[in-house]
Amino acid sequence: MVDAVPGILAFFDGDLICRFANEYHHSWYRSSPHEMVGRHLRDIIGDKDFAARAPHLARVRRGETSYFEVPVPMRNGSFRDAAVTYTPKMGPTGFDGVYILTFDVAVLHQRYHSVFDGTAAGFWVVDYAKLPELLRRHGIHGADALSQAAKSSPQLIRGFLDELRVVHLNQKACQIFDVDVNDAMDKPFGQWWPDDSLQAFAQQLVALLNDEPFFEIETVMRTRTGERRDVLMTCAFVKKDPDATTVTIGTTDIRARVMKEQQLAHAQTELAHAARVALLGELMASIAHEVNQPLAAIAADGSGALRWLSKEEPDLGEAKAAITRMVSESRRASEVIARTKNLAVKAGPTTTNFDINRMIEDTLVIVRRQVINLGAEIETRFDDVCPEIRADRVQLQQVLINLIINAAQAVCGRAEPRSVKVTSSFNEEYVTVSVEDNGPGVGDNASRLFDVFFTTKETGMGMGLAISRTILEAHGGKIELVKSSGKGATFAFSVPRPDAAGSEERA
């Protein structure tokens, strides 16, 4: 049976004397079985090769299997690449011998290189031989220590990258990164890594030290001329050969996908802006009322001030008080205009810290008149100790306006009282705003409320709640129908607290 194995198999005893060699040695190895049996391994392979294999022999004496690749001499004097495995035979007293199995891997290498050079992914072979010494030099022991060191000192990873040399790369990598194979060979791998991607490479090193079999991350690398490339980096860490020092790193060009994602994000921003403008159209009466009130007060106070000043004995105190009220009312009008302008501005998301209760109050100034016109009254119940949130203030205003107007429209035509309640609350993870009405509820439409173009209104577009969900998901939050019955409905949206664990990553 062992003679039928398509590989050369031999057994050497504890003194490394050959006791068996199968017939496959006749096929291509320079020594035949009868020439090997009874001879020491050193005499068979020569002093130089025997010295080179000393580390592998040391492993098998400890009871460990050792694997390596090496050129093996042919009977015609040439050499062929072979994969060699030393498997120990252990007895009651320890090491009793070693089985040596050798396979021809020339065909495998040919297949590997045909795949390596012909694949659509860019592959780099990088020598990590210096990594253990680099870790020792910086006093880094283990994956956790490396992760902490990389966060506190990113340039440490830059130093590592400059010590790791490129051994080989395929034609696709040359194409993606605009480099010639010969120009990249033996160059520091760090040449292709911008500073803002160092943490991504640090995560790969951490995965390697954690003995993970596979690692994948989206990051940015740079070409020979410094142009940035969005890539998906993948690594499979082969642990079979403890002496192997190279790591093959795959880099897939994902620029087209990233561009489409950016275009989608731009389209979502455009759609959200269009929805805000549509909301403003509906709110114009409310906004006009809020501006007209301070303007009317300014006119009245101005007339009063003139009368006080026109008297035979001008009453400067009353005139001053009237003018002070004029200034106050003008500021109030300016604030209404400013809030409205912020909603109408076409801009990308801008994340800031702000008080959710103050945001609700500012929003109510804009929508109050329309809510009143629909016959509803607004009630508020704020948690005064709500923590600040970090989000796009205008986008959350858009969500809240949508919910309030929907609630006011839901109660329109119902028997008195018609109520819209806005509530703020928080827990360990989220700050939540709820909008409750006493309308007819949503009926059987709960599962479709957030679908694009679904609406129960005759003139509705079916975009408000769908856009609101997109906005909340982009913030790492959520929006949901909390409850619904024939006595009303409650919607709520939640945004992660900046001080909650992991909330910054979600946002």
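The values are calculated or read from the model by the stated rules, or taken from the named source; none is laboratory data. Just so it is clear, the model here is predicted, and its values are computed rather than measured. Quick reminder, even Gly has a Cβ in these numbers, built from the backbone with ideal geometry, and neighbours come from all protein chains shown.
With the requirement that a residue be surrounded by fewer than 17 Cβ atoms within 10 Å (Cβ to Cβ) and modelled with pLDDT under 85, what does the stretch 385-420 give you?
412, 413, 414, 415, 416, 417
Conditions (1) at positive phi; (2) modelled with pLDDT of 90 or more; (3) surrounded by 11 or more Cβ atoms within 10 Å (Cβ to Cβ), marked per residue:
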| residue | (1), (2), (3) |
| --- | --- |
| 89 | no, yes, yes |
| 97 | yes, yes, yes |
| 123 | no, no, yes |
| 127 | no, no, yes |
| 151 | no, no, yes |
**Study point:** Qualifying residues in the stretch 175-191 (those that are without any contact (Cβ under 8 Å) to a residue 40 or more places away in the chain and not small (Gly, Ala, Ser)) - the one nearest to residue 226 (Cα to Cα)
**Key:** 191
**Study point:** Top-ranked residue of the stretch 427-453 - restricted to ones that are surrounded by 19 or more Cβ atoms within 10 Å (Cβ to Cβ) and within 34 Å of the chain's Cα centre (by Cα), ranked as modelled with the lowest pLDDT
**Key:** 449
Point to revise | Looking only at the stretch 324-371, and only at residues there that are among the β-branched types (Val, Ile, Thr) and at pLDDT 80 or above, the one that is nearest to residue 395 (Cα to Cα) | key: 351
Check your understanding: Do we have any residue at all in the stretch 6-26 that's assigned to a strand (DSSP E or B), at pLDDT below 90 and more than 30 Å from residue 245 (Cβ to Cβ)?
Key -> yes
